[in-house]
Amino acid sequence: MKDVIVYIEHVQGQPRRVSFEIATKAKELATALGGSVHAVVLGKNAGGAAEQLKAYPVDTIHVSEDPDVDGFLVDPSVDYLEAAAKALGPALVLVPFTAIGRDLGSRLAARLGAGQTADVTDVKVEGGRVVSISPKLGGTVLTSCAFKGDYGIVAVRPNSFKAAQAAGAGNVVQLEKPAGKTYRIKVEEVVVEAAGELGVEEASTVVSGGRGVGGPEPFKTILKDLADSLGGSVGASRAAVDAGWIGHGHQVGQTGKTISPNLYIAVGISGAIQHKVGMRTAATIVAINKDGTVPIGEFADLLVVGDLFAIVPELTKQIRANAAVHA
Ligand SMILES: Cc1cc2nc3c(=O)[nH]c(=O)nc-3n(C[C@H](O)[C@H](O)[C@H](O)COP(=O)(O)OP(=O)(O)OC[C@H]3O[C@@H](n4cnc5c(N)ncnc54)[C@H](O)[C@@H]3O)c2cc1C
C-alpha cells in the first residue's frame, strides 16, 4: 500500500465533517507510506464539494457528477471507487463509519479482495504496515489489526480525528464512468424525514433524552432548545425511540448510533450498558437525573441530580445569557 484514497461523503456538495477529518488523517498516513492522497467525490454538486476540499491536504480530487450515484444506491459509487483504486494500484482506502460508508466500504472490500476494519478510532503506519485500532466489547478492549493484502479498507468513526485545513495540490480530475455497468434497482422517491438538522454522529454536542423525559414534546422543546443553544443535535435512548417519541435515526447505543462528541448531555437516561456503548467515548459526559445513584453517574464526568424539567430550561437560559455577554 502506498497511496491513500478517501471517500468524501457529502450532502448536495457540502462534505460531512467526517470527510474533512479523514482527508486530514490521510495526509499523515500517505506521508508515512511515501504516497499521496486521492479524494473521490461523487454525485450531485460533487464539484462544489471538491472546491471546499482544496483547503485540505489532498493531492488529487477525483470528481464525477454522474446522477447514477445519487439516490442512495451504493453500487454505482462502489464502481467508481473500485476503478479509481485499481487505476492507482495498492492503496489504503478510508471511508467514514456511517450508514453509507459501511455499506460502501464492505462492498468495495469484496470487489478488491481486501480486508476491512470497522468502527476505527485510530490508524497508524508501523514498520510500513497500516494498523487500525477499534474499540470492542463496549470499549473495554482495543483491537489492533494490520492488513495483509495490497488493499485495505478502513471505516473511521466520525469525530476520531481533527479536521485541519492545510492546502494540498488540490488537482481536480474528472472520473470516467466505469464501462458496462447496469443497475437493477431504481429509486422512485426520496423523502427527507428531518431536514436541516445535523445527525448525532456529526454533531460535536449531543443532548439526548430518555424515558425520564416522559413524552415526545420535550424532544421538540426543552431538549431541542438546549441543543440549539450549544450548536448541537438531539439524541435519544432506545426507550424513548421505542415509545415513538423520536425517530430511530436519533438513537444512541448498541442498536443505534455510536458517537464520540465533545460533549454528551444525557437527560433522564439511566445509562444501561446498551446505551453506554454508543456514547462512552464522548470527551465529556454530563448526566441530568433525579436519582443520585443512577448507573450513568458511575461513568459521567458530572451528574446533576434533580428534576430535568427544572434544570434543562435553566441551563439553556444560562448558556444563552452567557453567549449574549460574550457576543
Ligand atoms: C439487544 C438490546 C439492544 C439495546 N440497544 C439499545 C440502544 O441502542 N440504545 C439504548 O439507549 N438502549 C438500548 N437498549 C435498551 C437498554 O437496555 C435500556 O432499556 C434503555 O437504554 C433504557 O433507556 P432509558 O435510560 O431512557 O430509560 P430508563 O432506564 O427507564 O431510565 C430513565 C431515567 O430517567 C430518570 N428520570 C425520570 N424522570 C426524571 C425527571 N423528571 N428528571 C430527571 N430524571 C428523571 C430516572 O431516574 C431514570 O434513571 C437495548 C436493549 C437490548 C436488550
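Is there a residue in region 213-224 that is of a type in the set (A, V, I, L, M), within 8 Å of the ligand (Cβ to nearest atom), over 17 Å from the mean Cα position of the chain (by Cα) and within 25 Å of Ala155 (Cβ to Cβ)? Checking region 213-224: not a single residue is of a type in the set (A, V, I, L, M), within 8 Å of the ligand (Cβ to nearest atom), over 17 Å from the mean Cα position of the chain (by Cα) and within 25 Å of Ala155 (Cβ to Cβ). Selection of region 305-317 for residues being surrounded by fewer than 18 Cβ atoms within 10 Å (Cβ to Cβ) and more than 9 Å from the ligand (Cβ to nearest atom) yields Pro313, Glu314, Lys317.
Quick one: is Ala321 within 12 Å of the ligand (Cβ to nearest atom) and either surrounded by fewer than 16 Cβ atoms within 10 Å (Cβ to Cβ) or in the same structural domain as Asp119 (by TED's automatic domain parsing) (or both)? The answer is no for Ala321. If we keep just the residues of region 231-243 that are more than 10 Å from the ligand (Cβ to nearest atom) and in a loop (DSSP other than H, G, I, E, B), which is most open to solvent (accessible area, probe 1.4 Å)? Once the filter is applied, the top-ranked residue is Gly231.
Any idea which residue in region 177-212 is farthest from the ligand (Cβ to nearest atom), counting only those that are at pLDDT 90 or above and among the basic types (Lys, Arg)? The residue in question is Lys177. Candidates are the residues of region 244-257 that are near the ligand (Cβ under 9 Å from one of its atoms) and part of a loop (DSSP other than H, G, I, E, B); the one that is most open to solvent (accessible area, probe 1.4 Å) is Gln254. Contact map, region 262-273: first residue free of Cβ contacts under 8 Å to residues at least 60 places away in the same chain, second residue among the aromatic types (Phe, Trp, Tyr) and open to solvent by 10 Å² or more (accessible area, probe 1.4 Å), Cβ cut-off under 9 Å, separation 6 or more or different chains; pairs are Gly271/Phe299.
Could you tell me whether region 175-185 includes any residue that is under 30 Å from Ile265 (Cα atoms) and either in the same structural domain as Ile22 (by TED's automatic domain parsing) or buried (at least 19 other Cβ atoms within 10 Å of the Cβ) (or both)?
Let us first name the residues in region 175-185 that are under 30 Å from Ile265 (Cα atoms), namely none.
Taking every residue of region 175-185 in turn, none turns out to be under 30 Å from Ile265 (Cα atoms) and either in the same structural domain as Ile22 (by TED's automatic domain parsing) or buried (at least 19 other Cβ atoms within 10 Å of the Cβ) (or both).
Note on region 258-270: among residues that are crowded, with 23+ Cβ neighbours inside 10 Å and within 9 Å of the ligand (Cβ to nearest atom), the one that is nearest to the chain's Cα centre (by Cα) is Ala266. Screening the candidates Asp291, Asp228 for the property of being assigned to a loop (DSSP other than H, G, I, E, B) and among the charged types (D, E, K, R) yields one hit, Asp291. When region 280-302 is limited to residues that are within 9 Å of the ligand (Cβ to nearest atom) and either of a type in the set (A, V, I, L, M) or buried (at least 23 other Cβ atoms within 10 Å of the Cβ) (or both), the one that is nearest to Glu21 (Cα to Cα) turns out to be Ala287. For the residues Gly89, Gly113, the requirement of being more than 17 Å from the chain's Cα centre (by Cα), open to solvent by less than 30 Å² (accessible area, probe 1.4 Å) and over 28 Å from Pro261 (Cα atoms) singles out Gly89.
Residues considered: Val123, Val213. Of these, the only one that is surrounded by 12 or more Cβ atoms within 10 Å (Cβ to Cβ) and either in contact with a Pro (Cβ under 9 Å, 6 or more places away or on another chain) or assigned by TED's automatic domain parsing to the domain that holds Gly268 (or both) is Val213.
The values are calculated or read from the model by the stated rules, or taken from the named source; none is laboratory data. Model, not experiment: these values are computed from the prediction. All Cβ positions, glycine included, derive from the backbone under ideal geometry; neighbour counts span all protein chains shown. With ligands, DNA and RNA removed, areas are computed over all heavy atoms of the protein, side chains included. Shrake-Rupley method; radii C 1.70, N 1.55, O 1.52, S 1.80 Å.
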